[in-house]
Amino acid sequence: MLRVEKIATRKEFELLEPEWDALLTRSAANAITLTYDWLSTWWEVFGGDRELNILTVRDGQELVGIAPLLKRTVQHFGVLAFRRLEFVASGEDEADEICSEYLDFILERGRETEVLGIMIQYLTDQDSDWDEIVLTDVLEGSPSLPILKGLCETNSLGWSILRSQVCISLPLPDTWDGFLKGISSSYRHRIIKDGRAAAAGNAEFIVIDKLVDFPAGFDALVRLHQSRWLEKGLPGVFASEKFTRFHRLLAPKLLPKGRLRLFLLKMDGEELAALYDFVYDKKVLYYQSGLKPAGTAVHSPGILIRSYAMDLAIKEGLTECDFMKGDPAGYKSGWRGELKGILQVRLARAQSKEAIYNTTSKVVAGLRSLKRAVVS
């Protein structure tokens, strides 16, 4: 007999910690952004006026499902108030976005249909104080999505895809030579040329994987990142106090588990580049970087430090480098990665307020199309 329970307080959330990651590793959704450390840290920073609305499903005493949800009120078109359910670690203001990609329901592998089914039944019958469910950055190939779509049809819920983007993922070969052969010739040329310049300039590639070294390394990352973006007249992600605080709080949890790495590239004692990565489930995730403006013998310090980190990942037997979201034709394209779709989907109750939302959405979309046509 499956049993659903709602987790609505921080204390109840904390009590789930011993079981959370164990279930995550048994699910198809296994990603660092769904670990207890990531989600609980996000809640500490961003919880604010949001309400925890986590659902757990147990088969007897065994935890077989988690819906890591929260609830808040949003305003559509400035006047239409909706009670929204969404994933923990999503829905921040744009300036503060953590970019927690690959969010999902955490479901025992092979039991997705029955567990997700009882969750939706609970939300429609017993925990019904909501108007819409917006699920952000779910992997397009997630087994949850076709199940959810089918449940929408049987429960009279609206279903729509609000946004479609891509992540770029590079399978890592067994050898460095194999890696070089797989990337673009321009990147290969830059790595070889800059590698020689770095060696001639007594370059240091520093791996920060201990907590005692993290604060100084993180400060270097922030300096390099912010100086580059401020030079372009843009604020840079570390201008956000919440964004920065999230990562300072997260590091002490992840570093001892080998799930976070910070790299620095120095030449003649000068910081040229910094790289901030996560390591999880045999994958390295390229999260953030900072670079010194041009003017050194190393022309592409960002590519060079990334290549050093790739070499280390290959030596350690990691199987994938995930560049996360990005423009397929942008600077990440030179690594010749594979594209993975991620979606933002919306489920909605059939009600008069939803009819107003749909009508207004069509009007707004029409006006935007007309504006584009006039401009072009």
Any chance residue 227 is out of contact with any Leu (no Cβ under 8 Å at 6 or more places or on another chain) and not in a helix (DSSP H, G or I): no
Of those in segment 172-185 that are among the hydroxyl-bearing types (Ser, Thr, Tyr) and surrounded by 11 or more Cβ atoms within 10 Å (Cβ to Cβ), the residue nearest to residue 309 (Cα to Cα) is 175
Looking across segment 272-305 at residues that are of a type in the set (D, E, K, R) and at pLDDT 95 or above, the single one that is surrounded by the most Cβ atoms within 10 Å (Cβ to Cβ) is 277
Yes/no for residue 86 being closer than 27 Å to residue 286 by Cα, in a loop (DSSP other than H, G, I, E, B) and outside the structural domain of residue 257 (by TED's automatic domain parsing)
no
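Results for (1) in a loop (DSSP other than H, G, I, E, B); (2) in contact (Cβ under 8 Å) with a residue 60 or more places away in the chain; (3) within 24 Å of residue 337 (Cβ to Cβ), shown as yes or no for each residue.
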site: 180; (1), (2), (3): no, no, yes
site: 223; (1), (2), (3): no, yes, no
site: 234; (1), (2), (3): yes, no, no
site: 250; (1), (2), (3): no, yes, no
site: 274; (1), (2), (3): no, no, yes
Residues of segment 306-334 being acidic (Asp, Glu) and either buried (at least 18 other Cβ atoms within 10 Å of the Cβ) or out of contact with any strand residue (DSSP E or B) (no Cβ under 6 Å at 6 or more places or on another chain) (or both), in sequence order, are 311, 316, 322, 327
Quick count over segment 335-358, residues being surrounded by fewer than 18 Cβ atoms within 10 Å (Cβ to Cβ) and assigned to a helix (DSSP H, G or I), is 6
Of 201, 269, 195, 258, the only residue that is at pLDDT below 95, loosely packed, with under 15 Cβ neighbours inside 10 Å and not assigned by TED's automatic domain parsing to the domain that holds residue 122 is 269
Note on segment 122-149: residues surrounded by fewer than 15 Cβ atoms within 10 Å (Cβ to Cβ), over 18 Å from residue 71 (Cβ atoms) and out of contact with any strand residue (DSSP E or B) (no Cβ under 6 Å at 6 or more places or on another chain) are 141, 146
Within segment 141-151, restricting to residues that are in contact (Cβ under 8 Å) with a residue 12 or more places away in the chain and out of contact with any Ser or Thr (no Cβ under 8 Å at 6 or more places or on another chain), the one that is farthest from residue 165 (Cα to Cα) is 151
- [ ] Confirm whether residue 313 is at negative phi, out of contact with any Phe, Trp or Tyr (no Cβ under 7 Å at 6 or more places or on another chain), part of a helix (DSSP H, G or I) and modelled with pLDDT of 95 or more.
- [x] yes
Counting only residues in segment 208-255 that are modelled with pLDDT of 95 or more and charged (D, E, K, R), the one farthest from residue 99 (Cα to Cα) is identified as 213
Scanning segment 92-145 for residues that are β-branched (Val, Ile, Thr), under 21 Å from residue 22 (Cβ atoms) and part of a helix (DSSP H, G or I) gives 115, 118
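The values are calculated or read from the model by the stated rules, or taken from the named source; none is laboratory data. Everything numeric in this text was worked out from a predicted model, so none of it was measured. Please note: Cβ atoms are built from the backbone with ideal geometry, for glycine as well, and neighbour counts cover all protein chains shown.
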